[in-house]
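The values are calculated or read from the model by the stated rules, or taken from the named source; none is laboratory data. Values in this document were obtained by computation on a predicted structure and should not be read as measured data. So basically every Cβ, Gly included, is an ideal-geometry build from the backbone, and we count neighbours across all protein chains shown. Heads up: the accessible areas ignore ligands, DNA and RNA and are worked out on the full protein's heavy atoms, side chains in. Shrake-Rupley method; radii C 1.70, N 1.55, O 1.52, S 1.80 Å.
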Amino acid sequence: MTTAKPSLLPLKGVKVIDFGQYIAGPAVAMILADLGATVIHVDPPGGPLWQSPANATLNRNKMIVTIDLKTPEGLAEALDLVAEADIVVESFRPGVMKRHGLDFAALREERPELIALSIPGFASNDTLRRDWRAFESIIAASSGVFTDMGLNRVLMGVNPSFSPLPLSSAYGTMLAASAVVLALQSRERTGYGDEIEVPLASAVMEGLSYNSIHIQDYPDRYKTQREAEIERRRAEGLPMNVTYEELQEFLDPFYRSYKCKDGRMFYVVCPSHKHHAKRCLKVLGIYDDLVAEGLTEEEDTYLPVSEWTSDVSLGVYPLPKLWADKIAARMKEVFLTRTAKEWERIFGRGKFPGAPQRWLQEWINDDHAETTGLMVEVEDPVFGTMTQPGPMVWLAESGEEMLSPEPRRWVTVAGALQILRRQPTKLPRSRASREKAGWLDGVRILDMCNVIAGPHSASYLSRFGAEVIKIDPAKPNYDCWNTVIFSLSHGRGKRSILADISSKEGREVFEKLVASVDVIVWNAPDRQVTAMGLDVEGLKKLNPDAIFCQLDCFSGVRPGPRTNYLGYDDLVQATTGIMLRFGGGMDTPEEHAHVGTIDVMCGFGAALGIATALYQKLKFGRIGRPRTSLSALSGLAQIPFCYDYERRPLFDEPSGREANGFGPLERFYYTASDRFILLCATEADLPKLNAVDGLEGIADVPAEDRAGFLATAFMGARAEDWTERLVAADIGATVCENIETIRAYNSRPADGTPGTENGSYAFSVYEDHPSGHVITQLDPFAIRPANAAIYAPAPTEKFGASTRAVLRDAGYGDDAIEAMLASGAVSESWSKEYLPS
């Protein structure tokens, strides 16, 4: 007789009560359950408020009970469950749970170790919106998501643009899950829990922070052809009516799709790395000819463009139009000579990024997705064998356990209580604190990352008190559009050191830093990690107690055929069907317009992995290696439709430029004020709609005629008036706002606070930013604990500004530092200007 191996899942023994409905609340609890927590999900008597097959995914690894919170008996049952919990999750409007008799503040007075998480649509201190019916699309429209869908849609005159991706819930899920586990690991040291609010409107703003930043006097060198064309048309009063075909000629040749021999489009993303574009052109066989025609590579692209020897440099984004057109024309010809699958292998093995455009259905059933565990099979009691997204975050040593999720199962409240009571919670002795402290005070992080996802994870953790050191090469591998512009967001709260770790002295510096930190973060495939000596055995020699967090593009728990392929956010959008859905078809793919759509989500995922590993280290004494990937998070971004089973209905979610919603009761409508509103109602809301002034009679209109009826009716008043009437009737509605307006109305001079007291939206204006530019950017405000401190990270310093200080802290004297600077082993800057002109 063999005995089962004890589980190594990091959250084993953690008990969670999930009152959440729709996506965000259940998704947070799903991730905790995937990581080993015991989760009881609570549904009302009529079942989940959102009827969707996606509930099978959201409730896997959970036990489901039915409780009527509106009855005394139901409230008593709920309180009994909460009394056994470490974590309680809810996702209703502010105050709803308290009105039902579940007052988290009061419960924590009795049990200060409890961690209570609320995920409302809008912030509880947002007096205008907190009581709105905050459906996914309402939050998106109110937060500027639909009216800032990228340069393509602006040029084509498509505004607003609808997308069915539940971005608010996806970002909110990862932020809330990371916050809960950060509080959990802090509880292991202090004995105290916390009460946490994560408004989804604030979460989506954090997810889109790279789209909302404003840089005064933005240098022309960073403006793309599309941006220049938009400025020209606005200046000359010309319409935005570019066709999709015309739009392609405004794209950079290394940042666009090409048609292949088999008719499938192939997306190339290698515009900013000093080697990727060259490798691409060489493999395509056109590099030498282009060089002969005058294509050059500047030795130092961080010089002002006025000091370059030519008007072009390969590996710099964006390219001048003359060269962009010339290179794209050659690339179009070559791509037609092979199939997309052939090009995928060539690009992957050649170590430069590119991927075929695929539909979501293809991705769900893709060999790589299956092999790696990015997609898993679950024997659901309702749908049978069901393919679902795999783990979104895992620890390398226990990830295999996560590839066989238990299907959801229904139990009685008594049965659930019996299971919970078998797992007593063991806590350290409570240690009183005189003042607020951050969940990560005293934790040191070494950030080795580039682009967005990895660096964003470390910057995010700095708001909780972590000390972050950012190490970059002494000479940059990426152009300054990719490094300096992006770092204005993800460089906050860090000290920057530049070192050549391929040199003997630079490697010594690197190893000293590794030995001095608690956590190391790097976005790199396995082959690079091993080469750097940061694999399991290598890291044991350098710092056996360090947690190493790895994130990349295509990894899952197990290795697969594309695990070591390089990639970025855009390639995952192409691989998993996001671009084809947004664009509407194989001949018209479009990137989902926001910069870092999945990148930022993945960054929050890495932070969750780090928090989980810190908890495991404190609880069980095990050193973990957290992992996540852009591909793993794509399942969360598409959770409402990312599943398959026998006889599944068509994959027919709204797609293409003409999409305006899910149907007549949930879509955009034009109004008398030349503005759009978004209506979000259900069949059950028809009596209330019928009572709204101006919509009388809608209840009697046949379903197929409702859109016409409502389109005519909404032209009878201003968007603001309609919103007021509909909200007063408790119907979901909002004006389609834009990010520029939101930023203008919610900005204040930087005051050293994180913005958590300022409602659902908050920006700070840095008049004295280290860059020399006036920078307006989003506050670090989506996580709102009642007890722990949230710090406002310092603005991003210039690359290399802390090289000397970090070296001194590492034990180097001034003479040694000067010698390393002279040899090039370390550097204090990449450029004279912070933001090269």
- request: Using Cα pairs closer than 8 Å and at least 6 residues apart in sequence, work out the relative contact order for the range 63-148, in percent.
  value: 25 percent
- request: Any chance you could look up the accessible area of Thr483 with a 1.4 Å probe, heavy atoms only, rounded to 10 Å²?
  value: 20 Å²
statement: Set Lys15/Lys426; Lys470/Lys798; Lys274/Lys321; Lys278/Lys470; Lys12/Lys619; Lys223/Lys494, cut-off 21 Å on Cα-Cα distance; pairs above it are Lys278/Lys470; Lys223/Lys494
query: Given the rule -39500 (n - 2.57) for each run of at least 4 DSSP H residues, summed and divided by the residues of the chain, what is its mean residue ellipticity at 222 nm, to the nearest 500 deg cm²/dmol?
result: -10000 deg cm²/dmol
task: Order the peptides 621-627, 45-51 from the highest to the lowest mean number of other Cβ atoms within 10 Å of their residues.
output: 621-627, 45-51
- prompt: Which of Val509, Gly294, Pro836 sits closest to the plus end of the dipole of the chain, meaning its Cα is farthest towards the positive end, when Lys and Arg get +1 and Asp and Glu get -1 on the C-beta?
  reply: Val509
Cleavage-rule hits, GluC sites (Glu not before Pro), the range 598-692, DSSP coil, Cβ neighbours within 10 Å at most 16: Glu646, Glu658
- prompt: Here are some pairs, Lys351/Lys832; Lys259/Lys326; Lys5/Lys617; which of them have Cα atoms lying more than 25 Å apart in this structure?
  reply: Lys351/Lys832
field: Accessible surface of the range 170-297 [probe 1.4 Å, protein heavy atoms]: carbon and sulfur percent
entry: 45 percent
- request: Provide the three semi-axes, in whole Å and in decreasing order, of the ellipsoid equivalent to the chain as defined by the square roots of 5 times the Cα gyration tensor eigenvalues.
  value: 40, 35, 26
query: Separation between the Phe620 and Gln361 pseudo-spin-labels, each 7 Å from Cα along Cα→Cβ, expressed in nm?
result: 4.1 nm
statement: By the C-alpha gyration tensor axes a ≥ b ≥ c (rounded if a/c is under 1.5, else prolate when a/b exceeds b/c, else oblate), the shape of the range 21-107 is prolate
- request: Take every Cα-Cα distance within the range 214-279, group them into 5 Å bins from 0 onward, and report for each bin the whole-number percent of pairs it holds.
  value: 3, 13, 16, 21, 18, 14, 8, 4, 1, 0
task: Over the chain, average the accessible area per residue using a 1.4 Å probe and give it in Å², no decimals.
output: 38 Å²
field: R0 of 51 Å, Cβ-Cβ distance Glu109-Ala672: FRET efficiency to nearest 0.05
entry: 0.50
task: Classify the range 797-837 as rounded, prolate or oblate from the Cα gyration tensor: take a ≥ b ≥ c as the square roots of its eigenvalues, call it rounded if a/c is under 1.5, otherwise prolate when a/b beats b/c and oblate if not.
output: oblate
field: Potential extension, Ala703-Thr412 segment - 0.36 nm per residue separation minus Cα distance
entry: 100.8 nm
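Tell me the Kirkwood radius of the range 466-592: reciprocal of the mean inverse pair distance over distinct alpha-carbon atoms, in Å.
Evaluated over the range 466-592, this radius sits at 17.0 Å.
Loop only by DSSP, 13 or fewer other Cβ within 10 Å of the Cβ. Give me the GluC sites (Glu not before Pro) in the range 773-837 that pass, ordered by residue number.
Details: sites: Glu797, Glu818, Glu828, Glu833; in loops: Glu797, Glu828, Glu833.
Sites meeting the loop and neighbour criteria: none at all.
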- prompt: Which distance in nm do the two modelled labels at Ala228 and Asp815 give, with both placed 7 Å along the Cα-to-Cβ direction?
  reply: 5.4 nm
query: In nanometres, what is the gap between the two model label sites at Ala531 and Leu75, each 7 Å from Cα along Cα-to-Cβ?
result: 6.4 nm
message: Taking R0 as 30 Å, what FRET efficiency do you get between Glu293 and Met586 from their Cβ-Cβ distance, rounded to the nearest 0.05?
response: 0.40
statement: Applying the gyration tensor rule to the Cα atoms of the range 546-607 (axes a ≥ b ≥ c; rounded if a/c under 1.5, else prolate if a/b exceeds b/c, else oblate), the class is oblate
query: Given H placed 1.01 Å from N in the peptide plane, which residues other than close sequence neighbours of Glu666 have an amide H under 5 Å from its amide H?
result: Ala681
message: At a threshold of 8 angstrom on Cα-Cα distance, excluding pairs fewer than six apart, so keeping six or more, what relative contact order does the chain reach in percent?
response: 18 percent
field: Packing rank of 149-158, 700-709, 469-478, where each peptide gets the mean count of other beta carbons within 10 Å, highest leading
entry: 469-478, 149-158, 700-709
message: At 1.4 Å probe size, what's the solvent-accessible area of Thr127? Round to the nearest 10 Å².
response: 110 Å²
message: Under a Cβ-only charge scheme (Lys and Arg +1, Asp and Glu -1), can you give me the dipole magnitude of the range 617-766 about the Cα centre, in debye to the nearest 20?
response: 1320 debye
task: Compute the length gained on full extension between Ser404 and Trp50: take 0.36 nm times their separation in residues and subtract their Cα-Cα distance, giving the result in nm to one decimal.
output: 124.9 nm
query: How about the range 1-99: which trypsin sites (Lys or Arg not before Pro) there lie in a loop by DSSP and see at most 15 other Cβ atoms within 10 Å?
result: Lys70
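Before anything else, pin down the relative contact order of the range 503-659: Cα pairs under 8 Å, at least 6 apart, normalised by residue count, whole percent. Display every interim value, and only then the final one.
Working: 200 pairs, mean separation 37.9, N = 157.
That works out to 24 percent.
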field: Probe 1.4 Å - accessible area at Lys278, Å² to nearest ten
entry: 60 Å²
field: Distance from the range 361-419 to the range 789-825 (C-alpha centre basis), Å
entry: 45 Å
